[in-house]
Amino acid sequence: MARAENDTWDITESVGATALGVAAGRAAETNSENPLIRDPYAQMFLEAAGNGVWTMYLRPEELPAELVEIDPRFKERMQAMMGYTASRTLFFDEFFTDAAASGIRQAVILAAGLDARAWRLDWPAGSVVYEIDQPKVLDFKLSALEAHGVSPAATYVGVPVDLRNDWPAALRAAGFDPATPTAWSAEGLLPYLTASAQDVLFERITDLSAAGSRAAVEAFNNEFFSAESFARREEQIQLYREAAAKLGREDIAASGNLLYEEERTEVVDWLTAHGWRASGVSAADLLARNGRSVPSDLDDGVPQSVFVDARLP
Ligand code: SAM
């Protein structure tokens, strides 16, 4: 299924399933020899969700031969994506830890998916973490955590609302205080929004941010959204769909593109023009910093993204 205005999803469907894909990356990293991050809850979510395409990360030894046949470097690609997911998780973990150390006690995680930071980070007393995502995604996550008797490490407030709707009203109704500095995160979100919805998102974040607020964003540059990159991605995904069809996995074979392949304002430029002090580090530099560089001859080994840290003076 491709995207539609006002589309909704469960955790195993459409954009919801991408949260399971990221959780699988975090679970695989946690189980690896020298993990960059530890997320003990990721595996729990995967077990609660059952089998699906997302389990590929966890059991790479079971990869169907057809996939390796059409892309001999498939395993390397998975390794690269694992380094990317781990580096991205670490970037946002450090962002929230630094913001808390600077005295910020209000955090908002946009498109939280199966992010378990409210449960696994060491939040100072008095911290409140708001999470926004679609209702069925948050329901799934909370049910899985409750079933295992896991309690949050901060005051947790789930705000089940679509980010294309009036989420600022829902956030305020849930207790969010716009007069207090906030740490915001947008991780694994922007390509699932249209270019105009992305602008509206940042306008709303800016309106709700008191002086001293911070934001961390996984932004994709316009090379990522270019027609050439899109064509390359589509060609590769089509090969995977064909392999899936041969394996009788009609669910994967019929999957559509979930991203809005539209060029958009670069996030650092947008934030800078709206009063934030923003800077970005490229994915390649972030991975290198963590000793997870991807071989330079592995085409599209990591997404063309920039990790943005922004502060409102
Ligand atoms: N931030 C999480 C992480 O990095 O683990 C989840 C990332 S996952 C790739 C994408 C998430 O964005 C999903 O949980 C999906 O439900 C959420 N999402 C995408 N578009 C959304 C929208 N319009 N409203 C609410 N949530 C949305």
Any lysines with Cα under 20 Å of the Lys246 Cα? List them, leaving off those in the same chain fewer than 8 positions away. Lys75
Could you calculate the FRET efficiency of Asp7 with Asn222 from 1/(1 + (r/R0)^6), where r is the beta carbon distance between them and R0 is 22 Å, rounded to 0.05? 0.30
Report ³J(HN,Hα) in whole Hz for each residue of the range 114-129, in order, from the Karplus equation J = 6.51 cos²θ - 1.76 cosθ + 1.60 where θ = phi - 60°; Gly and Pro get x. 9, 4, 10, 4, 5, 9, 10, 8, 8, 7, x, 3, x, 7, 10, 10
Quick calc, Ala125 & Leu63: beta-carbon distance into FRET formula, R0 45 Å, rounding 0.05, result 0.50
Mind pulling the angle between the C-alpha long axis of helix 135-147 and the longest principal axis of the chain? Nearest 10 degrees, somewhere in 0 to 90. 90 degrees
Relative to the longest principal axis of the C-alpha atoms of the chain, give the angle of the C-alpha long axis of helix 195-207, reported between 0 and 90° and rounded to the nearest 10°. 30 degrees
Once amide H atoms are placed 1.01 Å from N in the peptide plane, what residues at a sequence separation of 5 or more from Thr182, or on another chain, have their amide H within under 5 Å of its amide H? Ala210, Ser213, Arg214
Heads up, the range 167-238 by the C-alpha gyration tensor (a ≥ b ≥ c square roots of eigenvalues; a/c under 1.5 rounded, else a/b over b/c prolate, else oblate) looks prolate
Would you mind checking the tilt of helix 14-30 against the longest principal axis of the Cα atoms of the chain, expressed as 0 to 90 degrees and rounded to 10? 90 degrees
Can you sort His148, His274 from fewest to most other Cβ atoms within 10 Å of each residue's own Cβ? His148, His274
Give a residue-ordered list of calculated ³J(HN,Hα) values for the range 209-219 (Karplus: 6.51 cos²θ - 1.76 cosθ + 1.60, θ = phi - 60°; whole Hz; x for Gly, Pro). 9, 6, 3, x, 6, 9, 9, 10, 9, 8, 10
Which value at 222 nm does the chain reach when only helices count, each DSSP H run of 4 or more adding -39,500 (n - 2.57), with the total divided by all residues and rounded to the nearest 500 deg cm²/dmol? -13000 deg cm²/dmol
Between the range 71-108 and the range 48-68, the Cα center-to-center distance that results, in Å: 22 Å
Taking θ = phi - 60°, what integer Hz values does the Karplus form 6.51 cos²θ - 1.76 cosθ + 1.60 yield along the range 271-280, in sequence order, with x for Gly and Pro? 5, 4, 5, 10, x, 8, 9, 10, 9, x
Between rounded, prolate and oblate, where does the range 1-71 land on the alpha carbon gyration tensor, with a ≥ b ≥ c its root eigenvalues, rounded for a/c under 1.5, else prolate if a/b exceeds b/c? oblate
So how much slack lies between Lys136 and Glu234, counting 0.36 nm per residue of separation and subtracting their Cα-Cα distance, in nm? 32.4 nm
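The numbers here are math on the coordinates, done by the rules we state, and not lab data. Since the structure is predicted, the reported quantities are computational estimates derived from the model, not experimental observations. Cβ coordinates were reconstructed from backbone atoms using ideal geometry, including for glycine residues, and neighbour counts include every protein chain displayed.
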